[in-house]
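Colleague: Handing you this structure, nothing more for now.
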Amino acid sequence: MVLLAVVPTFLALCDWQVHRALSGNELSWAYVFEWPFFAGYAVYVWWKLVHETLVPAASTKDPEPTDETAAAPTEPAVHDDAESDPDLVAYNRYLAELHANGRPKRW
């Protein structure tokens, strides 16, 4: 597991920078705080990857309609004043096409 190698390495680099900073290298004080931050971020990313719920990929065939999906509109509602702007109508049509054919986002 990469995390078992990364976190101790980052903490060792932090310790090394503490010794350099105490011996007079002023720039090393920035790294004293940077390496633990990187270690914490690695743990955070690992935690998110482990606990993320996976969404199965959408199938290519249309699902059977249920009572809930049969009543749902297939296109988003458009206000009456939007019909006067052709750019807005084209954009709404584009969004409806993306909604009908696109994959759901995982984030």
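Readers should treat all values here as calculations from the given coordinates under stated rules, not as data from a laboratory. All figures in this text were calculated on a predicted structure; none of them were measured in a lab. Note that each Cβ is placed from the backbone with ideal geometry, even for glycine, and that neighbours are counted across all protein chains shown.
Colleague: Ranking request for peptides 22-29, 89-96: highest mean number of other beta-carbon atoms within 10 Å first, then the rest in descending order.
Modeller: Result, highest mean Cβ count within 10 Å first: 89-96, 22-29.
Colleague: How much FRET efficiency would the formula 1/(1 + (r/R0)^6) give for residue 3 and residue 99, where r is the Cβ-Cβ distance and R0 is 35 Å, rounded to 0.05?
Modeller: Once rounded, the FRET efficiency stands at 0.35.
Colleague: Can you give the FRET efficiency to the nearest 0.05 for residue 27 and residue 49, using r as the Cβ-Cβ distance and R₀ = 35 Å?
Modeller: Details: r = 33 Å, r/R0 = 0.94.
Computed FRET efficiency for residue 27 and residue 49 comes out at 0.60.
Colleague: Rg to Rh for region 1-57: what is it, with Cα atoms only and Rh by Kirkwood? The partial results should precede the final answer.
Modeller: Values: Rg = 15.4 Å, Rh = 12.7 Å.
Using Cα coordinates only, the ratio equals 1.21.
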